[in-house]
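Undergrad: Got a structure for you, written out below as structure tokens; questions coming shortly.
The values are calculated or read from the model by the stated rules, or taken from the named source; none is laboratory data. Predicted, not measured: the structure shown is a model, and the values here were computed from it. FYI the Cβ positions are ideal-geometry reconstructions off the backbone, even for glycines, and counts take in every protein chain you see.
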Amino acid sequence: MRKTEKEREQQRAEQKEKELIEWVPKTETGKMVKNGEITSLDQIFDKNLPLLESEIVDSLVPNVLEKNVDFKKTTKVRRAGRMFSFRAAVLVGDGNQYIGLGIAKDKERWPAIRKATKQAKLNLKRIHKGCGSWECKCGGTHSVPFKITGKCSSVNVTVLPAPKGTGLVAGNNIKDVFKFVGIQDVWCKTEGSSDTKLNFVTAAIEALAQSSKMKISEDIKQKFNK
């Protein structure tokens with residue numbers, strides 16, 4: 001009998017839990033997480049500790065969101081003939097303020113996706129949210145704090161703060177980027193070739209990463225950590 005999606009998810013969860021139990025950290029950050037000295041990703045980013053093991057994210061964010069945003073079959077021509085491989089791009093996030101994108105290749109489909117997922121967890125970026133809309137001024141964290149722009153190749157993505165209830169006024173290519181960090185209301189303007197989905201996703205993440213460069217007060221930090 002073929003397994004249902006629910007059974008597959010349960011099997012993956014059990015496999016991940018088993019791997020975490022058997023995990024032997026190789027870095028100081030990993031050892032601190034394993035010993036319980038670090039209990040959140042905020043502590044890692046606040047202390048500028050290196051994130052070199054994907055198991056760290058699995059331990060601190062057990063229900064991490066994952067989505068395969070791009071998948072292609074690639075070809076290399078050599079003397080022996082054509083060599084085929086797969087390239088996967090996976091988006092991960094905690095649904096609140098962390099997001100990452102990973103890209104990896106492999107000769108097989110699923111190993112490429114697994115490699116990309118691990119790479120995405122190592123590329124996590126912290127996003128600061130806010131309410132920068134002059135029409136709202138609620139002081140919440142449902143949108144972005146100010147106008148931000150990201151670029152990847154020929155693609156430009158500009159994100160503007162929007163009042164509550166606006167929703168995600170953005171292309172379907174990048175809506176998941178905002179959902180993975182818990183942003184509910186934004187206006188977006190995009191420029192560039194519409195057939196390069198991966199570039200749009202990368203540009204959107206780079207735009208959100210600009211929000212972490214601002215200086216914020218302790219009161220706002222506490223709201224982010226709730």
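Undergrad: Can you tell me which residue among ALA203, ALA207 is out of contact with any Ser or Thr (no Cβ under 7 Å at 6 or more places or on another chain), modelled with pLDDT of 90 or more and surrounded by 14 or more Cβ atoms within 10 Å (Cβ to Cβ)? Don't jump to the end; show me each part of the working.
TA: Details: ALA207 fails: out of contact with any Ser or Thr (no Cβ under 7 Å at 6 or more places or on another chain).
It is ALA203.
Undergrad: All but one of (1) crowded, with 18+ Cβ neighbours inside 10 Å; (2) under 17 Å from LYS213 (Cα atoms) hold for LYS151, so report the exception by its number.
TA: The one condition LYS151 does not meet is (1).
Undergrad: If a residue has to be farther than 20 Å from LYS115 by Cβ, crowded, with 18+ Cβ neighbours inside 10 Å and charged (D, E, K, R) to count, how many in the stretch 25-53 make the cut?
TA: Residues flagged as farther than 20 Å from LYS115 by Cβ, crowded, with 18+ Cβ neighbours inside 10 Å and charged (D, E, K, R) within the stretch 25-53 amount to 0.
Undergrad: Please pick out the residue among LEU101, LEU65, LEU41 that is under 15 Å from LEU198 (Cβ atoms) and modelled with pLDDT of 90 or more.
TA: After ruling out the rest, the residue left standing is LEU101.
Undergrad: So, one more: Out of all the residues in the stretch 54-78, which are surrounded by 12 or more Cβ atoms within 10 Å (Cβ to Cβ) and among the basic types (Lys, Arg)?
TA: LYS67, LYS72
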